[in-house]
1. Out of the helices (runs of 4 or more DSSP H) lying entirely within the stretch B:19-86, which hold 2 or more residues that are at pLDDT below 90 and within 14 Å of chain A (Cβ to nearest Cβ)?
2. Within the stretch A:80-114, which residues are within 14 Å of chain B (Cβ to nearest Cβ) and either in a strand (DSSP E or B) or in contact (Cβ under 8 Å) with a residue 40 or more places away in the chain (or both)?
3. Return yes when A:Val66 is within 14 Å of another protein chain (Cβ to nearest Cβ), within 16 Å of the chain's Cα centre (by Cα) and within 22 Å of A:Ala9 (Cα to Cα) and no when it is not.
4. Restricting attention to the stretch A:236-275, which residues are surrounded by 17 or more Cβ atoms within 10 Å (Cβ to Cβ), within 14 Å of chain B (Cβ to nearest Cβ) and among the small types (Gly, Ala, Ser)?
5. Where the second residue is among the hydrophobic types (A, V, I, L, M, F, W, C) and outside any helix (DSSP H, G or I) and the first is surrounded by 11 or more Cβ atoms within 10 Å (Cβ to Cβ) and lies in the stretch B:4-19, which pairs have Cβ atoms under 7 Å and are six or more apart or on separate chains?
6. Of all residues being touching a residue at least 60 places away in the same chain (Cβ under 8 Å) and among the hydrophobic types (A, V, I, L, M, F, W, C) in the stretch A:69-79, which is farthest from the other protein chains (Cβ to nearest Cβ)? Just the residue, please.
7. Would you mind stating whether A:Ala210 is more than 21 Å from the chain's Cα centre (by Cα), closer than 12 Å to A:Val276 by Cβ and at pLDDT below 95?
Amino acid sequence: MLVAERFSAFSFVDRITTLEPGSSAVGRYTIPVHLQRFPMCLVAEAIGQLAAWVSISHLGFRRRPVAGLAGETLFFGSVTPGQVLDLAVELGTCDEDAVAYGGSARVDGGLVLELRHCVGPMLAMEEFDAPEAVRGDFETLCGPGAPAARIRALPQPEVTVIERVPGRSLVATLQVPESAPFFGDHFPRRPVFPGTLLLDRQIELAVQVAREAAHAGPDATLAPASVTDVKMRSFIAPGQAVELRVELQPQDATTFTAALAARVGGKKVATARVAVATQTGS
Amino acid sequence: MAEKEITTEEIAAVYPKVAQIIADALGVDVEVVTLDVPLIEGLDAESIDFLDLVFRLERGFGVKIPRGQIVEHARGDLSETEFEQKGLVTEVGLKRLREFLSEVPADRFQSPMKSVDIPRLFTPETFCKVVVRGQRAAQVAG
């Protein structure tokens with residue numbers, strides 16, 4: 001099963017069309033039409049994966065970035081299945097220890113997401129995947145491209161709310177599955193729960209709390225405007241129960257900022273802040 | 001490798017901004033950041049925080065700080081084997097480290113000291129000095 005899942009179950013770049021080694025790249029990803037939705041966090045994942053390909057190839061497939069930091073993620077809308085993401089990344093630093101990058105995703109020329117000040121610690125590729133297989137995948141991406149729509153379904157990790165102070169805070173548990181197709185791709189030799197999936201669920205919870213705080217009616221639209229200071233401190237492994245905590249700090253009438261924290265066994269494994277904007281209908 | 005001593009005035013000039021950057025990186029109030037607090041024991045910093053901190057300082061001060069520069073600079077003209085053997089800092093290396101991290105109280109240098117434990121010595125002042133060195137290097141380069 002793992003062989004079939006690698007390079008498919010959690011891969012969000014179909015083709016690299018332009019590459020300046022160690023410096024920048026342009027690529028694309030078609031959101032499969034058979035998916036029900038495509039979270040913006042996975043758009044960020046696609047940009048991060050393109051940056052990863054640039055850094056991995058620059059370091060001869062010996063190192064790869066895993067998790068890390070995302071200083072600022074700006075959301076400019078949403079995307080729908082069937083759309084084509086035009087991805088672009090620019091690397092600052094790219095060495096044995098770290099890759100620093102920023103990037104963007106556009107749909108039909110319109111900016112949908114921008115990543116700024118991201119840093120990925122570079123770790124030994126051998127620990128996560130077979131270097132030669134990764135080299136082969138990279139050649140596919142730079143050549144004919146990978147087959148589109150190779151992901152069958154998006155992971156939906158289960159979240160249970162266990163404590164709630166309406167409009168103020170929320171505590172929930174995310175149960176990471178023991179096994180899932182995406183672990184065969186992220187990563188074949190060492191399964192790690194993707195930080196972007198964690199963030200997607202955390203943002204969803206923050207929007208719920210903001211909706212309560214805003215006393216938003218059914219005509220109100222609430223959506224994340226930005227996520228700042230994302231920091232993945234430790235890997236989350238299959239089967240772990242992750243405590244998610246959202247604390248809201250009202251700023252003004254239309255924007256709410258929430259502190260997000262994730263813990264495993266009491267240890268903080270991830271932190272971030274999200275700004276949720278409200279757009280009340282007239 | 002003789003280095004012109006970093007003065008308290010140079011440190012004071014960069015400290016307020018360094019303290020704010022440390023507070024932002026660690027998600028703590030700037031009031032709890034003092035010049036001599038150990039970042040790992042005192043403020044729960046982890047290795048990912050040091051990576052974060054280095055990039056934030058680079059952006060904040062417009063200087064270049066290669067990763068691992070602190071230990072590299074501490075080593076100076078000593079070879080790797082003179083500085084460290086089998087994961088432990090040598091006596092010569094420890095002497096060099098004490099001189100280099102002169103802001104750190106003497107009783108915090110254990111002997112033997114594992115080289116992976118060197119970051120346990122780092123304080124905000126250590127990073128002020130990193131910034132000052134970066135600024136000096138930028139002046140020389142530019």
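The values are calculated or read from the model by the stated rules, or taken from the named source; none is laboratory data. None of these values were measured; they are calculated from a predicted model. Note that each Cβ is placed from the backbone with ideal geometry, even for glycine, and that neighbours are counted across all protein chains shown.
1. Here the list reads B:69-75.
2. Correct list: A:Leu91, A:Gly92, A:Thr93, A:Cys94, A:Ala98, A:Val99, A:Ala100, A:Tyr101, A:Gly102.
3. Values: within 14 Å of another protein chain (Cβ to nearest Cβ): yes; within 16 Å of the chain's Cα centre (by Cα): yes; within 22 Å of A:Ala9 (Cα to Cα): yes.
Here the answer is yes, as A:Val66 does meet what is asked.
4. A:Ala258, A:Ala259, A:Ala261, A:Ala262, A:Ala270, A:Ala272
5. As it stands, the answer is B:Tyr15/B:Leu35; B:Ala19/B:Val33, since those pairs meet every condition given.
6. Kept after step one, since they are touching a residue at least 60 places away in the same chain (Cβ under 8 Å), are these residues of the stretch A:69-79: A:69-75, A:78.
Filter once more, keeping what is among the hydrophobic types (A, V, I, L, M, F, W, C): A:69-70, A:74-75.
On the way: A:Leu69: 5, A:Ala70: 11, A:Leu74: 17, A:Phe75: 21 Å.
If we take residues in the stretch A:69-79 being touching a residue at least 60 places away in the same chain (Cβ under 8 Å) and among the hydrophobic types (A, V, I, L, M, F, W, C), then A:Phe75 is farthest from the other protein chains (Cβ to nearest Cβ).
7. Working: more than 21 Å from the chain's Cα centre (by Cα): yes; closer than 12 Å to A:Val276 by Cβ: yes; at pLDDT below 95: yes.
When the stated conditions are applied, A:Ala210 passes them.
Here is a yes/no grid of residues against (1) of a type in the set (A, V, I, L, M); (2) touching a helix residue (DSSP H, G or I) at 6+ places or on another chain (Cβ under 6 Å); (3) without any contact (Cβ under 8 Å) to a residue 60 or more places away in the chain:
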{"position": "A:Ala206", "(1), (2), (3)": "yes, no, no"}
{"position": "A:Ala213", "(1), (2), (3)": "yes, no, yes"}
{"position": "A:Leu222", "(1), (2), (3)": "yes, yes, yes"}
{"position": "A:Arg233", "(1), (2), (3)": "no, yes, yes"}
{"position": "A:Gln249", "(1), (2), (3)": "no, no, yes"}
{"position": "A:Ala259", "(1), (2), (3)": "yes, no, yes"}
{"position": "A:Gly266", "(1), (2), (3)": "no, no, yes"}
{"position": "A:Thr278", "(1), (2), (3)": "no, no, no"}
